[in-house]
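Q: First the structure, then my questions, so here it is.
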Amino acid sequence: MTLKNDLIRLTLADAREGLRQKKFSSLELTQAYLDAMAHHRGMNAYILELPEIALGMAKESDKRLAKGEGGALEGLPLAIKDIFCTEGIQTTAASHILEGFKPSYESTVTQKLKDAGAVFLGKANMDDCAMGSANITSYYGNVISPWKGSNGKDLTPGGSSGGSAAAVAAGLAIAATGTDTGGSIRQPAAFTGTVGIKPTYGRCSRWGIIAFASSLDQAGPITRDVRDAALFLEVMAGHDPKDSTSSTREVPSFEKSLSQGVKGLRVGIPKEYRLEGMDADIVNIWEKGAAWLKEAGAEIIDISLPHSKYSLPAYYVLAPAEASSNLARYDGVRYGLRVPGRTLDELYENTRSEGFGAEVQRRVLMGTYVLSAGYYDAYYLKAQKVRALIAQDFQLAFQKVDVILTPTTPTAAFALDETPTDPVVMYLNDVLTVPANLAGLPGMSVPAGLSKEGLPLGLQLIGPAFDETVLFRMARVLEDAAGFTPFLER
Amino acid sequence: MSLDQKTVKRIATLARLKLSDDRVGPMQQDLNRILHFIEQLSEVDTSQVEPMAGVNTPFMPIRKDVINDGNYVEKILANAPEVACNMFVVPKVVE
């Protein structure tokens, strides 16, 4: 039997192999994770742990495995971001407004995972309604990264999928689901030394995912390595008649593409992503990344994405506008929190003011303002037009290159007690990830090295729509060249 | 462009959020910081550009207009804070 400590270090692919070869059972694997979760509760990576459900699912998986059956993720224990509706299991999006909400249906993505035989360990912590970049807006408290600052300070795992990323990095889940509206998979992946991919808009069904900004939201995996991301995304992706924006395109075998190499592929380096005053560590790792790809036979080409500067301002019009509309459903009448009032309006106001955290209220107000009479054209319509120009920048770039390489974040993870209080400073975390959401393109973060303080840094790959394959090929080369040592191996 | 306190209160009412008096000032300050940040958009010439609402909107599918789901009142009401006679209960609206 493999030791428990070793079990929680395996990748999805290795654990899958171990299960098939009967080196250990899903029950043993799941128990090892449940023990690790109990031991590291201080990280607050989970809002809800599901030991009984997990062990029950593991037992069923073992039965199927014993018969030589089982799906692509059979018996593999995962963390599910608490934004995916899970039937009969509390789903809150880390918001007080949904406390106690038990969906009577399963999200399409989690249904696919169940159908593939996955085991659910629990619901991962996140930012309130997925709004945040440090996992400090959760009603259920901050998530603490397993990584520590050089001075021993507690660090943010990033957000909004902070619980998912921290769990995968620390061995509290073998892999996790995330969602990404402006960087919420890629930024936490970069901060925790894990791999995260936001696929093309439409690749994964959004049905049953608590909506933040519907034209930007996409689900994707956070994993320990590139191969795991490929095999996990294959299961999550695919058309769903219940989401009219989900694509009918066939999902290729991402895992098979991994070994194809990058020879002859053209890699664009956008000059606008070199921000003024950017950390030297970040610039260095970016240059290294380009050199690694070049060594593997890719061609490096300088490109320009002239409207990049306007991505973040456009995002902070469009995302709050869509959020203010999506979040109108939380009214204290049909589900979630109700704070009584003498009139219906008072009930709405009392419920929403108590149920939403400060950041959510800020964004709902901003969104309401930019959609209000007299300001709609000046802000909302203007931002939609700028969005079109940003998408066009990428279209033109992809006539010259096959993929774009950038850093994932402008800095490494910051200490929880050094979190910026100015919302705009906090928003700058997503400055390099937001453009891919606006243009609907796939983006992936791969751990590439360490900062001077010894903290993980990620490189981002952005590809043409529905060409995740090129990201996986590139990511595999970066991963091999970087030789990054994950947290668990340190 | 910056928001005065009256406007902040008005949009709070539109959004059905109650802002106590001590929260109006700090919220005004935060919103104005964000507004100042998004003002940059005015530098961009968009006179020849069509607005983009979403990524794949031109390909929106159309399905047959048939009933293919439903009949689960209990499930719909399962999470409601207050229910009576298979309906959601709210404070009296009509006098």
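Just so you know, all these numbers are worked out from the coordinates, no wet-lab data involved. Nothing here was measured: the structure is a model prediction, and the numbers come from that model. Reconstructed Cβ throughout: ideal geometry from the backbone, glycine too, with neighbour counts over all protein chains shown.
Q: Would you mind checking which residues have amide H under 5 Å from A:GLY449's amide H? H placed 1.01 Å from N; only 5 or more apart, or other chain.
A: Result for A:GLY449 returns A:LEU457.
Q: Tell me which of B:SER2, B:PRO26, B:ALA15 sits at the most positive position along the dipole axis of segment B:1-43, charges placed on C-beta atoms (Lys, Arg +1; Asp, Glu -1).
A: With unit charges placed on the Cβ atoms, the residue in question is B:ALA15.
Q: Can you list the residues, at least 5 places off or on another chain, whose amide H is less than 5 Å from the amide H of A:ALA118, using H built in the peptide plane?
A: A:LEU73, A:GLY75
Q: Separate question: Over 25 Å between Cα atoms, which of A:LYS114/B:LYS75; A:LYS400/A:LYS452; A:LYS242/B:LYS92; A:LYS263/A:LYS400; A:LYS114/A:LYS256 qualify?
A: A:LYS400/A:LYS452; A:LYS242/B:LYS92
Q: So between B:ASN56 and B:MET87, what do we pick up on full extension, going 0.36 nm a residue minus the alpha carbon distance?
A: Stretched fully, the B:ASN56-B:MET87 segment lengthens by 7.4 nm.
Q: Also: Counting only residues 5 or more places away or on other chains, whose amide H sits under 5 Å from the amide H of B:GLU82 once H atoms are built in the peptide plane?
A: Those qualifying (amide H under 5 Å, at least 5 residues apart or on another chain) are B:VAL89.
Q: From the phi angles alone, apply the Karplus equation (6.51, -1.76, 1.60; θ = phi - 60°) to segment A:277-286 and give each ³J(HN,Hα) in whole Hz, x where the residue is Gly or Pro.
A: x, 5, 3, 4, 4, 5, 4, 4, 5, 5
Q: Further question: Let me check against my output: what whole-number percent is the relative contact order of segment A:4-257, with C-alpha pairs under 8 Å and at least 6 apart?
A: Taking the mean separation of contacting Cα pairs over the length of segment A:4-257, I get 18 percent.
Q: In chain A, which longest range has no GluC sites (Glu not before Pro) that are both DSSP loop (not H, G, I, E or B) and surrounded by at most 10 other Cβ atoms within 10 Å?
A: A:1-249
Q: Test of the criteria: in segment A:284-346, which chymotrypsin sites (Phe, Trp or Tyr not before Pro) are in a DSSP loop and have at most 12 other Cβ atoms within 10 angstrom of their Cβ?
A: Here no chymotrypsin sites (Phe, Trp or Tyr not before Pro) fit, given the DSSP loop and packing criteria.
Q: Shifting gears a bit: Using the Karplus equation 6.51 cos²θ - 1.76 cosθ + 1.60 (θ = phi - 60°), what ³J(HN,Hα) coupling, rounded to whole Hz, does each residue of segment A:371-386 give in order, writing x for Gly and Pro?
A: 9, 7, 3, x, 10, 4, 5, 5, 10, 5, 5, 4, 5, 5, 5, 5
Q: Given the DSSP H assignment, sum -39500 (n - 2.57) over each helix run of at least 4 residues in the protein assembly as shown and divide by its residue total; what's the result at 222 nm in deg cm²/dmol, nearest 500?
A: Value at 222 nm, helices only: -11000 deg cm²/dmol.
Q: Along segment A:227-242, what does the Karplus equation 6.51 cos²θ - 1.76 cosθ + 1.60 (θ = phi - 60°) give for ³J(HN,Hα), rounded to whole Hz, x for Gly and Pro?
A: Calculated HN-Hα couplings, in order: 4, 4, 4, 5, 6, 6, 5, 4, 6, 6, 7, x, 5, 9, x, 7 Hz.
Q: Net charge near A:GLY220: determine it from the other residues with C-beta under 14 Å of the C-beta of A:GLY220, scoring Lys and Arg +1 and Asp and Glu -1.
A: Net charge in that neighbourhood comes out at +1.
Q: On to the next question. With each label point set 7 Å from Cα along the Cα-Cβ vector, what nm distance links A:ASP480 and A:ARG20?
A: In this crude label model, A:ASP480 to A:ARG20 measures out at 2.1 nm.
Q: Sequence gap at least 6, Cα distance under 8 Å: using those rules, report the relative contact order of chain A to the nearest whole percent.
A: In percent, rounded to a whole number, it is 17.
Q: Compute, for the protein assembly as shown, the length of the dipole vector about the Cα centre, with Cβ point charges of +1 (Lys, Arg) and -1 (Asp, Glu) only. Units Debye, rounded to 20.
A: Around 660 debye, computed over the protein assembly as shown.
Q: Quick one: dipole size for segment A:385-484, taken about the Cα centre, charges +1 on Lys/Arg Cβ and -1 on Asp/Glu Cβ, in debye to the nearest 20.
A: So the magnitude is around 360 debye.
Q: Among the GluC sites (Glu not before Pro) in segment B:1-87, which ones are in a DSSP loop with at most 15 other Cβ atoms within 10 Å of the Cβ? Mind listing them?
A: Counting only loop positions with at most 15 other Cβ atoms within 10 Å, the GluC sites (Glu not before Pro) in segment B:1-87 are B:GLU82.
Q: Report, ordered by chain and residue number, the lysines lying within cross-link reach of A:LYS309, taken as a straight Cα distance under 17 Å and ignoring same-chain residues fewer than 8 apart.
A: The reachable lysines, counting only those whose Cα sits under 17 Å from A:LYS309, are A:LYS271, A:LYS382, A:LYS385.
Q: Report, as an integer, the average count of C-beta atoms from other chains found within 10 Å of each Cβ along A:418-427.
A: Neighbouring Cβ atoms belonging to other protein chains average 2 per residue here.
Q: May I pose another question? Give me the distance in nm between label points sitting 7 Å out from Cα along the Cα-to-Cβ direction at A:GLU418 and B:ASP69, one decimal.
A: 4.7
Q: Evaluate the charge dipole of segment B:1-43 about its Cα centre and quote only its size in Debye, nearest 20, assuming +1 on the Cβ of each Lys and Arg and -1 on the Cβ of each Asp and Glu.
A: Using Cβ point charges on Lys, Arg, Asp and Glu, segment B:1-43 gives about 300 debye.
Q: Turning to a different aspect of this structure: For segment A:3-61, state which trypsin sites (Lys or Arg not before Pro) are in a DSSP loop and have at most 10 other beta carbons lying within 10 Å of their beta carbon.
A: For trypsin sites (Lys or Arg not before Pro) across segment A:3-61 that sit outside H, G, I, E and B with at most 10 neighbouring Cβ atoms in 10 Å, the list reads A:LYS22.
Q: Oh, and also: DSSP beta bridges in the protein assembly as shown, what fraction antiparallel, as a percent rounded to 5?
A: 70
Q: May I pose another question? Exposed loop sites here are trypsin sites (Lys or Arg not before Pro) in DSSP loop states with at most 11 other C-beta atoms within 10 Å. What is the longest stretch of chain B lacking them?
A: Looking at chain B, B:1-62 is the longest stretch - no exposed trypsin sites (Lys or Arg not before Pro) with at most 11 other Cβ atoms within 10 Å.
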